[in-house]
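K.L.:
Before anything else, here's the structure in question.
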Amino acid sequence: CDNSNYNQSLTPPCYRENNAAQTVTQYIDSNSQQIMIQQKNHDHYNKTMPGNFTFNLFNYNSITNDYKFIQTLGSVPDTDTNGSQALYQLIATIPSLTHGLHYVIQ
């Protein structure tokens, strides 16, 4: 996935299509600590240029069907010791959010 362009990274395969079977809804409080878990789907570790799993917060506007990047919540380095299906965990503080708006953590 090309994370240099946030809008591009919100399209498959990095981001699933928005349908009821794949959408997870969770209510998150502003300024709360959240545990985020990413599961590696394929062991694509490159020891000459190791990557990471980055968690970004976006605001979603359902009227314009547009995503606005808010901030990076954090990242976890990829390792060669875990293999496929490995879990990567990040504990991050959610910034102040506007009540009633929709947000996406990607």
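K.L.:
Taking segment 73-104, which residues are touching a Ser or Thr at 6+ places or on another chain (Cβ under 6 Å), modelled with pLDDT of 90 or more and surrounded by 10 or more Cβ atoms within 10 Å (Cβ to Cβ)? Full working, then the answer.
P.N.:
First, the residues of segment 73-104 that are touching a Ser or Thr at 6+ places or on another chain (Cβ under 6 Å): 75, 94, 96-97.
Filter once more, keeping what is modelled with pLDDT of 90 or more: 75, 94, 96.
Within segment 73-104, SER75, ILE94 qualify.
K.L.:
Here's another thing I want to ask about it. Can you find a residue that is at pLDDT below 75 and either over 17 Å from GLY100 (Cα atoms) or in contact with a strand residue (DSSP E or B) (Cβ under 9 Å, 6 or more places away or on another chain) (or both) anywhere in segment 52-69? Before the answer, list the steps.
P.N.:
Taking segment 52-69 and keeping what is at pLDDT below 75, we get none.
Looking through segment 52-69, none of the residues is at pLDDT below 75 and either over 17 Å from GLY100 (Cα atoms) or in contact with a strand residue (DSSP E or B) (Cβ under 9 Å, 6 or more places away or on another chain) (or both).
The values are calculated or read from the model by the stated rules, or taken from the named source; none is laboratory data. Since the model is a prediction, treat every value here as computed from it, not as a measurement. Using ideal geometry, Cβ is built from the backbone for each residue, glycine included, and neighbour counts are taken over all protein chains shown.
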